[in-house]
Amino acid sequence: MDSDTQERSVVSLATKVLSNILTPLGYEFSIDVSAHADGAQLMISSPDARFLIGEDGDRLDDLQYLVNRIVQAEWEDAPRVRIDCDHYRERTEAKLLRRARAKAERVLETGKPLMMERLNAYQRRLVHNELAKMPGIATESEATESRFKRITISRAE
């Protein structure tokens, strides 16, 4: 199976799995498939979005985890599928990157390092990649065993 065919199969299975999770729970929803930087994205549109998103996106994270686990049980090397609801992830990621850029600008002005709030691995990758585009800025994640770590933003040497 070529990679395009596999990706379509993965997206089809992921859409079916997500629908099979949400339908018995009584939610009204539609799912749109689109491309995303990391692969495919399933965008849920629903009048019940706040329930599907949960507090700080925790239910959305859980849905994404479950769907990807089920898909990977079928295809071990399947690309991850991103799940969003009413553009929640897009909005929160844009806010995170705005905060990171603002802190980096302050670091350039003052010369004093600043720390971000605790972030998960995906959020840290977004911040590191975004700030790598800024000349004169260096980033480093703290060395802990915790799942959530802080990034120090400093001047590049």
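The values are calculated or read from the model by the stated rules, or taken from the named source; none is laboratory data. Remember, predicted model here, so these are calculated numbers, not experimental data. Cβ: placed from backbone, ideal geometry, glycine included. Neighbour counts: every protein chain shown.
Kindly state which helices (runs of 4 or more DSSP H) lie completely within region 39-130 and contain at least 3 residues that are under 14 Å from the mean Cα position of the chain (by Cα) and among the hydrophobic types (A, V, I, L, M, F, W, C).
The qualifying helices (runs of 4 or more DSSP H) are 88-110.
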Residue match in region 29-40 (condition: farther than 30 Å from Lys133 by Cα and of a type in the set (D, E, K, R)): yes
Selected residue (criterion: farthest from the chain's Cα centre (by Cα)) from residues of region 140-157 that are more than 10 Å from Leu119 (Cβ to Cβ) and in a strand (DSSP E or B): Arg155
Total residues in region 115-139, condition surrounded by fewer than 16 Cβ atoms within 10 Å (Cβ to Cβ), touching a Lys or Arg at 6+ places or on another chain (Cβ under 9 Å) and more than 20 Å from Ala37 (Cα to Cα): 4
Any hit, region 135-143, residues being among the charged types (D, E, K, R) and modelled with pLDDT under 95: yes
